[in-house]
Amino acid sequence: MGRVAAIVLAAGEATRFGSPKQRLLLPAVLARLGEAPIDEIVIVAGAHELEPPSNRLLQGTPTQVVRCADWERGPGASLRCGLDALGGDIEAAVIIMADGPNLAPTAVERVLETWRQTGDIVAASYGGGRGHPLVLGREEWSDIPDEGLRDRPVHLVPCDDLGAPGDIDTPEDLPQMADR
């Protein structure tokens, strides 16, 4: 099996939140990724500068922050920046949103297992709806539109029992952060 990287999309402006929510939420997301079967992590910054996280938080997983100059073009542009930062030995990328602090490491395991079996683009589902994490094999990296992958067909993996990773858009959403 080849190596797997996580790409954490953290490039947005966070206008509804009113401040750089990435700085608040990234530690929780990264702590959970540190428990997942990931070999490397790339954090994509854009609107706001982000500091590299503590190695202690990530249990030794190599991590880098890359700045995406084109972040305003859309999530696909940010994803392309993250993919471009990966080495040739990475065979798959697990896409994570920086505003999903309740990410379950088991969800990452499930989507990766299904990807290894099918080779499809694979996404976690919650209540039947498509969510994150999402896995892309290297053969899917070349044609990502600025608007992202929402229109691409995916193989859904039920993760309802794990709980959704969350979606913190405003300060009022912060109670969604759980200690799971």
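Examine the range 136-151 for a residue that is in contact with a Cys (Cβ under 7 Å, 6 or more places away or on another chain) and either outside any loop (DSSP other than H, G, I, E, B) or surrounded by fewer than 19 Cβ atoms within 10 Å (Cβ to Cβ) (or both), and state whether such a residue exists. Full working, then the answer.
Within the range 136-151, the subset in contact with a Cys (Cβ under 7 Å, 6 or more places away or on another chain) is none.
No: zero hits.
Among the candidates GLU40, GLU49, the residue that is surrounded by fewer than 18 Cβ atoms within 10 Å (Cβ to Cβ), more than 19 Å from LEU149 (Cα to Cα), at pLDDT below 95 and in contact with a strand residue (DSSP E or B) (Cβ under 9 Å, 6 or more places away or on another chain) is uniquely GLU49.
Taking the criterion of being assigned to a loop (DSSP other than H, G, I, E, B) and open to solvent by 10 Å² or more (accessible area, probe 1.4 Å), the residues of the range 86-98 that qualify are LEU86, GLY87, GLY88, ASP89.
Against the list (1) open to solvent by less than 30 Å² (accessible area, probe 1.4 Å); (2) not in a helix (DSSP H, G or I), the condition LEU83 fails is (2).
The numbered conditions (1) open to solvent by 40 Å² or more (accessible area, probe 1.4 Å); (2) at negative phi are all true for PRO101 except (1).
The set of residues in the range 60-80 being assigned to a loop (DSSP other than H, G, I, E, B), touching a helix residue (DSSP H, G or I) at 6+ places or on another chain (Cβ under 9 Å) and either β-branched (Val, Ile, Thr) or open to solvent by 30 Å² or more (accessible area, probe 1.4 Å) (or both) consists of THR61, ALA69, ASP70. Taking the criterion of being open to solvent by 50 Å² or more (accessible area, probe 1.4 Å), of a type outside the set (Lys, Arg) and either assigned to a loop (DSSP other than H, G, I, E, B) or touching a His at 6+ places or on another chain (Cβ under 6 Å) (or both), the residues of the range 165-180 that qualify are ASP167, MET177, ASP179.
From the list LEU103, LEU134, the lone residue that is more than 20 Å from LEU24 (Cα to Cα), aliphatic (A, V, I, L, M) and out of contact with any His (no Cβ under 6 Å at 6 or more places or on another chain) is LEU134. So which residues in the range 98-110 are in contact with a strand residue (DSSP E or B) (Cβ under 6 Å, 6 or more places away or on another chain) and farther than 19 Å from GLY82 by Cα, if there are any at all? Correct list: ALA107, ARG110. Scanning the range 1-27 for residues that are open to solvent by 30 Å² or more (accessible area, probe 1.4 Å) and either at pLDDT 90 or above or assigned to a helix (DSSP H, G or I) (or both) yields ARG3, ARG23, LEU24, PRO27. Within 14 Å of the chain's Cα centre (by Cα), modelled with pLDDT under 95 and open to solvent by less than 60 Å² (accessible area, probe 1.4 Å): is that true of GLY131 in this structure? Answer is yes for this residue. Is the range 62-85 home to any residue that is at pLDDT below 90 and over 15 Å from the mean Cα position of the chain (by Cα)? Yes, that holds for at least one residue.
Screening the candidates ASP161, ASP120 for the property of being modelled with pLDDT of 90 or more, of a type outside the set (S, T, N, Q) and in a loop (DSSP other than H, G, I, E, B) yields one hit, ASP120.
The values are calculated or read from the model by the stated rules, or taken from the named source; none is laboratory data. Source: prediction; values computed, not measured. Cβ sites come from the backbone with ideal geometry, for glycine too, and all protein chains shown count toward neighbours. Calculation scope for accessible area: heavy atoms of the full protein, side chains included, ligands and nucleic acids excluded. Shrake-Rupley method; radii C 1.70, N 1.55, O 1.52, S 1.80 Å.
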